[in-house]
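The values are calculated or read from the model by the stated rules, or taken from the named source; none is laboratory data. For clarity, every value in this text was computed on a predicted model and none was experimentally measured. Here the Cβ positions follow ideal geometry from the backbone for every residue, glycine too, while neighbour counts run over all protein chains shown. Ligands, DNA and RNA are excluded from the accessible area calculation, which covers all protein heavy atoms including side chains. Shrake-Rupley method; radii C 1.70, N 1.55, O 1.52, S 1.80 Å.
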Amino acid sequence: MTGDVESGRYGRAGAERDTEERGGPLTPGEQRLAALWAGVLGVPAGRIGRTDNFFEIGGTSRAAVRLVLALGHRLSVDEFARTPVLAEQAGLLESRNATGPVPAAAAPAAAAPGPGAGG
């Protein structure tokens, strides 16, 4: 028998216990993101932990693009790849929500035109 079977990783109760040990999503943002990840990866949301790395649990670059689209481009594909841990991604998205939606081409803000600038 393997440790996986003995630890109860198989089946719903075992999956939930495994996620709790890894740290399940805590914030509403983490929970929503975990649900999106689960849908794209084809696994139950209860299998996604807050410290999981999207690419280490079966995510591909194609799946990452689907998630970027599902997130309304609030992260670029490059940002998604640089921040593949659920809790970190959720934190980045939540910090952006505080200041309003992020445009699809998230670039450093340009200086605002001064007074009297034409428009």
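Numbers below:
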{"quantity": "Label-point separation in nm, His73 to Gln31, each point 7 Å along Cα→Cβ", "calculated": "3.0"}
{"quantity": "Under-5 Å amide H pairs with Gly24, H placed in peptide plane, nonlocal only", "calculated": "Arg50"}
{"quantity": "Note, ³J(HN,Hα) from phi for the range 72-87, Karplus 6.51, -1.76, 1.60, rounded to Hz, x at Gly and Pro", "calculated": "x, 6, 6, 10, 7, 4, 4, 4, 4, 5, 7, 10, x, 8, 3, 4"}
{"quantity": "Accessible-area value, Asp78, 1.4 Å probe, nucleic acids and ligands omitted, Å²", "calculated": "90"}
{"quantity": "For Gly59, net neighbour charge (Lys/Arg +1, Asp/Glu -1) across residues whose Cβ lies under 13 Å away", "calculated": "+1"}
